[in-house]
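The structure appears below as structure tokens.
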Amino acid sequence: MRKLATSAIGAVAALGLAAGATVANAADDEVVVGFAASYSGWMQAYSQPSTNAALIAIDDINAKGGILGKKITYVMADAKTDRVEGAKAGQEVLNEGAQMLAVDCDYDFGAPAALAAKNANKIAIFLCAESVLAGIQGVGKNAFSSSVLAGVQGATIAEWGSQNKGWKTAYILLDTTIEYNKGICYGFDWMWREKLGLEILGHDVYQNGDASIAAQITRIKSLPTQPDIIMNCSYIPGGASALRQIRAAGITSALAGGSSMSGTYWLDSVPNLSGHYVTEQASIYGDDPRPAVEEFNKKYEARFGERPNSQYTYPGYLVIEMWARAVEKAGTFETDAVVAAMETFREEPFLIGTRTFTNILHHQDRAPYLIVETTNGKPAVAADYTISEPVPLDVLFGKRYSYIAR
């Protein structure tokens, strides 16, 4: 194994990795992948598990002989949940000979490293970013994401909930801190109002760092009737704080969120949470309907000493799986050829579902999801669901909605 970049030494310990000799360029029988993602700061909760999964994918592919006769090795640099550090991390792994970069689980924080890859004409794949900007539209033609668009998450909750839970009225609560959150609300709004013709009783906004959403809760409680569902478009820790305050205020409406609100690591902050629904690409709870997912969970536990604690673990495996398959299809590691090969994927099967890429969209505007319901603090798979049609591109960019600027 190649030695990791110096700034990633802390991540080495966290990931349980060993180190070997460093060289500036890959040996003839090696190809280097660079991880320029956050292994400290709050983004670590998303990017580190996804990186762990990518390392398992590297092991699996190497066990089968590698790619085009080359073993995959890797270098790492810590982006530290900081945009400036992200750009430095991207350049650092490029200097170490990285042929492809895996970057942070969020567009805002992963883009600087992805842009470094663009400038070097290398491919960048976001570990699990779910903003439409994490691709052609925000970075360029060499950028992809391994995950599914945030708008699909919102649309999935809306369509599934209306059909299976009988929800007819909704209230949208948007944390405007990052683009990902906006995407969830865009997709929910589109499906709920435009496709299903259902009623939204109100829109409200907050910031992830807000200590209180008392004013927003007052507005919800002042409605003539309480909404069937409150769509909370946020992430941890602010999203959990909002849920805790909503339930403490005596509001009993169903609560929902995007995949950023999945997992168990935050549930102690909202004691005995019930009636909470999220979309997840795979289950960490031992009840995934696909045997290959549980096999992966056991492999992850054997390597890292614990099972995955979030659905954001799994897309990291696809970062390597997708890139390797595109390289094999292209018959070369040359960037333009590999990009073209990835753009031929049409419902290409991978560990946690299919992926489709085109020369217009390097992300997923429709994909299968598990619906996970939390009852008395215990999440479990309630259903699997795929929305009836893709989320339109103008919806993904929020061009139909004005409440974001409020």
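Set side by side, the residues A134, A111, A170 differ, and just one is in contact with a strand residue (DSSP E or B) (Cβ under 7 Å, 6 or more places away or on another chain) and not in a loop (DSSP other than H, G, I, E, B), which is A170.
Listed here are the residues, each with its yes/no results for (1) in contact with a Leu (Cβ under 8 Å, 6 or more places away or on another chain); (2) among the charged types (D, E, K, R); (3) part of a helix (DSSP H, G or I).
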site: A27; (1), (2), (3): no, no, no
site: Q48; (1), (2), (3): yes, no, yes
site: N62; (1), (2), (3): no, no, yes
site: T73; (1), (2), (3): no, no, no
site: E92; (1), (2), (3): no, yes, yes
site: A102; (1), (2), (3): yes, no, no
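Residues of the stretch 76-120 that are surrounded by fewer than 23 Cβ atoms within 10 Å (Cβ to Cβ) and either outside the structural domain of F35 (by TED's automatic domain parsing) or at pLDDT below 95 (or both): D108 alone.
Residue count for the stretch 215-259 satisfying the condition of being at pLDDT below 95 and assigned to a helix (DSSP H, G or I): 1.
Only one entry in F357, F345 is of a type in the set (F, W, Y), outside any strand (DSSP E or B) and over 25 Å from K71 (Cα atoms), namely F357. Looking at R307 and the list (1) closer than 28 Å to V103 by Cβ; (2) not assigned by TED's automatic domain parsing to the domain that holds K71, which single condition is not satisfied? Of the numbered conditions (1) closer than 28 Å to V103 by Cβ; (2) not assigned by TED's automatic domain parsing to the domain that holds K71, the odd one out for R307 is (2).
Within the stretch 348-406, the residues that satisfy the criterion of being over 17 Å from E280 (Cα atoms), at pLDDT below 95 and touching a strand residue (DSSP E or B) at 6+ places or on another chain (Cβ under 9 Å) are Y401, Y403, I404, R406.
Checking S310, S253, S283, S262 one by one, the residue that is among the hydroxyl-bearing types (S, T, Y) and over 25 Å from G353 (Cβ atoms) is S253 and no other.
Does the stretch 274-283 contain any residue that is in a helix (DSSP H, G or I) and hydrophobic (A, V, I, L, M, F, W, C)? For the stretch 274-283, residues in a helix (DSSP H, G or I) and hydrophobic (A, V, I, L, M, F, W, C): absent.
Among the candidates A14, A8, the residue that is at pLDDT below 90, assigned to a helix (DSSP H, G or I) and either crowded, with 23+ Cβ neighbours inside 10 Å or in contact with a Pro (Cβ under 6 Å, 6 or more places away or on another chain) (or both) is uniquely A8.
Evaluating V339 against the criteria (1) at pLDDT below 95; (2) surrounded by fewer than 23 Cβ atoms within 10 Å (Cβ to Cβ) leaves one unmet condition, (1). Which of the following residues is over 30 Å from A124 (Cβ atoms), buried (at least 17 other Cβ atoms within 10 Å of the Cβ) and either in the same structural domain as S260 (by TED's automatic domain parsing) or touching a strand residue (DSSP E or B) at 6+ places or on another chain (Cβ under 7 Å) (or both): I213, I184, I157, I178? Result: I213 is the single residue among I213, I184, I157, I178 that is over 30 Å from A124 (Cβ atoms), buried (at least 17 other Cβ atoms within 10 Å of the Cβ) and either in the same structural domain as S260 (by TED's automatic domain parsing) or touching a strand residue (DSSP E or B) at 6+ places or on another chain (Cβ under 7 Å) (or both).
Scanning the stretch 284-342 for residues that are more than 21 Å from the chain's Cα centre (by Cα), part of a loop (DSSP other than H, G, I, E, B) and under 29 Å from G263 (Cα atoms) turns up just one, G305.
G65: of a type in the set (G, A, S) and in contact (Cβ under 8 Å) with a residue 24 or more places away in the chain, yes or no?
no
Residues that are in a loop (DSSP other than H, G, I, E, B) and touching a Phe, Trp or Tyr at 6+ places or on another chain (Cβ under 7 Å) were ranked within the stretch 75-85; the one that is nearest to R325 (Cα to Cα) is A79. Of the residues making up the stretch 302-336, those that are modelled with pLDDT of 95 or more and either among the aliphatic types (A, V, I, L, M) or touching a Cys at 6+ places or on another chain (Cβ under 7 Å) (or both) are A302, P315, G316, L318, V319, I320, M322, A324, A326, V327, A330.
Within the stretch 228-258, the residues that satisfy the criterion of being over 28 Å from the mean Cα position of the chain (by Cα) and either of a type outside the set (V, I, T) or not assigned by TED's automatic domain parsing to the domain that holds T375 (or both) are A248, A249, G250.
Taking the numbered list (1) touching a strand residue (DSSP E or B) at 6+ places or on another chain (Cβ under 6 Å); (2) on the phi > 0 side of the Ramachandran plot; (3) small (G, A, S) in turn, A324 passes all entries but (2).
The values are calculated or read from the model by the stated rules, or taken from the named source; none is laboratory data. All values derive from a computational prediction rather than experimental measurement. Note: ideal-geometry Cβ built from the backbone for every residue, glycine included; neighbour counts use all protein chains shown.
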